[in-house]
Amino acid sequence: MTRPRGGASFWEDPITKTFHSQRRDVPESTWHWPNFSPAEIACRGTGKLLINEPALDRLQALRDRRGKSLIVRSAYRSPEHNRAVRGATRSKHLDGADFDIDAVDHDSLAFEAAARDVGFLGFGFLGRV
């Protein structure tokens with residue numbers, strides 16, 4: 001059985017970025033995205049976190065618009081983890097502007113339309129077994 005998986009990227013240069021050596025270092029008062037946690041957005045390989053506020057604002061807006069949970073499989077990647085997983089050298093994951101989202105419970109066309117409506121411009125859909 002193939003499960004759809006979608007991704008969305010925010011391609012404009014972000015205005016506000018904040019880096020944390022570890023996701024647990026993020027002050028609760030600075031986290032403004034209620035449906036996501038720093039652990040979901042942090043690098044899976046190193047725990048480092050780059051908060052790209054415009055991209056996270058769009059991710060939250062997408063979640064609000066869809067009214068369904070979004071399972072983030074990959075968001076920020078530290079340069080060393082990106083190399084380890086053989087990511088693209090100019091990957092938007094390095095900027096905290098790319099999100100791999102498990103879209104199992106989402107219609108791909110409706111998901112993409114909602115993502116475009118909130119400002120995402122790049123998409124990729126992968127099949128998984």
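The values are calculated or read from the model by the stated rules, or taken from the named source; none is laboratory data. These numbers were taken from a predicted model, which means no experiment stands behind them. Here the Cβ positions follow ideal geometry from the backbone for every residue, glycine too, while neighbour counts run over all protein chains shown.
Looking across the stretch 1-28, the residues that are in contact with a strand residue (DSSP E or B) (Cβ under 6 Å, 6 or more places away or on another chain), under 28 Å from residue 116 (Cβ atoms) and modelled with pLDDT of 55 or more come down to 17, 18.
Pairs meeting the criteria (first residue in the stretch 107-127 and farther than 14 Å from residue 63 by Cα and small (Gly, Ala, Ser), second residue outside any strand (DSSP E or B) and modelled with pLDDT of 90 or more, beta carbons under 9 Å, at least 6 apart or on different chains) are 122/92.
The rows are residues; the columns are (1) under 17 Å from residue 91 (Cβ atoms); (2) surrounded by 16 or more Cβ atoms within 10 Å (Cβ to Cβ); (3) aromatic (Phe, Trp, Tyr).
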| position | (1), (2), (3) |
| --- | --- |
| 16 | no, no, no |
| 22 | no, no, no |
| 25 | no, no, no |
| 30 | no, no, no |
| 42 | yes, yes, no |
| 46 | yes, yes, no |
| 54 | no, yes, no |
| 65 | no, no, no |
| 70 | no, yes, no |
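Residues checked against (1) modelled with pLDDT under 95; (2) of a type in the set (S, T, N, Q); (3) more than 21 Å from residue 123 (Cα to Cα):
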{"site": "30", "(1), (2), (3)": "yes, yes, yes"}
{"site": "45", "(1), (2), (3)": "no, no, yes"}
{"site": "49", "(1), (2), (3)": "no, no, yes"}
{"site": "60", "(1), (2), (3)": "no, yes, no"}
{"site": "69", "(1), (2), (3)": "yes, yes, no"}
{"site": "76", "(1), (2), (3)": "no, no, no"}
{"site": "84", "(1), (2), (3)": "no, no, yes"}
{"site": "91", "(1), (2), (3)": "yes, yes, no"}
{"site": "99", "(1), (2), (3)": "yes, no, no"}
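Of the residues making up the stretch 110-126, those that are outside any loop (DSSP other than H, G, I, E, B) and surrounded by 16 or more Cβ atoms within 10 Å (Cβ to Cβ) are 111, 112, 114, 115. Of the helices (runs of 4 or more DSSP H) lying entirely inside the stretch 7-109, those containing at least 2 residues that are among the basic types (Lys, Arg) and touching a helix residue (DSSP H, G or I) at 6+ places or on another chain (Cβ under 9 Å) span 53-66.
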